[in-house]
Amino acid sequence: MNAIILSAILGVILMLCSFLVKNKSYLRHIASLGLIILLVANIADTYGSSIFVINSYGMLRFSKFGYLFNSIAFGSTLIYVLLTGKEIEKYGNYTAEYFTLIFFSLCGISLLSSYSNLLTLFLGIEIMSIPLYILTGSDKRNMKSNEAALKYFLMGAFSTGLMLMGIALMYGGTGTFNLEVLNRTATGLYKGVSSFLEILGLLFLMVSMAFKVSAAPFHFWTPDVYDGAPSVFTSFMATIVKAAGFIAFIKLCAVRMTATNIAIDWKLLFSLLIVSTLLVGNITAVFQQSVKRMLAYSSIAQAGFMLFSLISLNDLAYEGILLYAVAYSLATIGIFAVLVKMKDFTFEGYNGLAKTQPVLAATNAIFLLSLAGIPLTAGFFAKYYMLEAVIKTGSYLWIVIVAVLFAAVSVYYYFRVIQAMYFKEGNPETEEIAPSFKTGLILLAALIIFLGIYPNAILNWLYF
């Protein structure tokens, strides 16, 4: 409860700071301090030290899994603000409002990690998503940003409609909004399932959630929105927000979809979703000429791996999704931190970067290797846990082979950037790089390598 209340309060405080504090750098420091407070309060809540004790009447259910994800989300956001906070200041005179929207989005994320009611799920999704529509269109003088915001808003509204329809059907079939249905009385074909309406509602909800996490074929908004939005905000949307969508998805699957397995083979549906997502994300990324757009399709491919947790739903799946959230978020935040310093987002714009900016090139290479799943990086164990979780179930092993093949494809387009930085001649143009920024990149790269050697540094928190 600490995370939900404090993130909303901090959002309001930063909103008030918009006219009380004129120095933009002070706003960045206030946001960083707020995130530290939020992280500490969430860790305290994990071990029973709650500042706010409020009866949620069954709408929320807190767990070690949810608390740990909140800590991951807040820690990743803190790193994001420390690395790229100065870039946020460049978009108009609304720096305080941008940080406010980020905190409100974190409030929605906190709801998604602890919901036990379908209405709370809806509220969490909307509180998380609405600020993103505004952040996407924050570069008012850029037509691509305005277009991306409009597309995101319209597609998001359509997705919300599907979610509400699904929730309404599920309520009609079960008589409750609670995630757990205690009384299932139907017999015959759908024995153990309250109603066919529940199945239909779950299908609507599955489509809506697939949209939120950019799973194919519901991914069409992703490349245009990620490419059109200011790069500094794309970094936040593609990492912490996407991971939160998967946490909400896995909580839904673990209860409702597991209970309705007798009526419909959800594993088969998710396996088809995984194959289409891996296919579209990886194959399309190969043909991109812009690094930013390549990363957009790459995020779709990464979603394909995260979907493995929905098939297995075992202890490795829960550990794996948390580790994937850390590895993917940190690496992508680092890559976008470098990207925003580049004046040319094409692959040619990176030519010769190792000679002009060796620190940026070296750290960027580590981030890319992590996304590719190369050993000794956090991304390797993240992919390993996802695949091992499915192997442990003893079924759908063919999809593990498919995933490994597509992981090999992903190496190609990630290594294109490394090839451009180290093996091609050029004179890449970058913005002024501060020594503190380089230090931040080095520390982030070191953290990714550390987690690649000792992933239990994260996973142990789930049990102790």
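None of the figures in this text is laboratory data; all of them are computed from the coordinates on show. Everything numeric in this text was worked out from a predicted model, so none of it was measured. With ideal geometry, Cβ positions are generated from the backbone for all residues, glycine too; neighbour counts draw on all protein chains shown.
Pairs of Cα atoms under 8 Å, at least six residues apart: use those to get the relative contact order of segment 178-308, whole percent. Each step should come with its number before you reach the end.
Working: 129 pairs, mean separation 41.1, N = 131.
Once divided by the residue count of segment 178-308, the mean separation gives 31 percent.
Could you list 163, 1 in order of exposure, starting from the residue whose Cβ has the fewest other Cβ atoms within 10 Å?
1, 163
Which whole-number percent is the relative contact order of the chain (Cα, under 8 Å, 6+ apart)?
Relative contact order here is 13 percent.
Counting other C-beta atoms within 10 Å, which of 115, 67 has the fewest, and how do the rest follow?
Taking fewest neighbouring Cβ atoms as first place, the list is 67, 115.
Quick check on segment 144-289: what does the Kirkwood estimate of hydrodynamic radius come out to from the alpha carbon pairs, in Å?
Values: mean 1/r = 0.0601 Å⁻¹.
16.6 Å is the Kirkwood radius here.
In segment 1-89, which trypsin sites (Lys or Arg not before Pro) fall in coil by DSSP and have 12 or fewer other Cβ atoms within 10 Å? Don't skip to the answer; put the middle values down first.
Details: sites: 22, 24, 28, 61, 64, 86; in loops: 22, 61.
Here the trypsin sites (Lys or Arg not before Pro) that fit, given the DSSP loop and packing criteria, are 22.
Counting other Cβ atoms within 10 Å, keep those with at most 11, restrict to DSSP loop, and tell me which trypsin sites (Lys or Arg not before Pro) in segment 288-345 are left.
Of the trypsin sites (Lys or Arg not before Pro), the ones in loops of segment 288-345 whose Cβ has at most 11 other Cβ atoms within 10 Å are 343.
Return the whole-Å distance between the Cα centroid of segment 1-66 and the Cα centroid of segment 273-350.
28
Over segment 265-464, consider all pairs of different Cα atoms and compute the Kirkwood hydrodynamic radius from their mean reciprocal separation; express it in Å, one decimal.
For segment 265-464, the Kirkwood estimate is 17.3 Å.
Got a sec? How would 199, 283 order by Cβ neighbour count within 10 Å, fewest to most?
Least crowded to most crowded, the residues run 283, 199.
Sort all Cα-Cα distances of the chain into consecutive 20 angstrom bins from zero, then give the percent of pairs in each bin up to the one containing the longest distance.
Cα pair-distance distribution for the chain, in percent: 25, 60, 14, 0.
Per-residue counts of other Cβ atoms within 10 Å, averaged by peptide: what ranking do you get for 32-39, 94-101, 394-401, highest first? It would help to have the intermediate numbers written out before the result.
Values: 32-39: 18.9, 94-101: 22.8, 394-401: 13.2.
In descending order of packing, they fall as 94-101, 32-39, 394-401.
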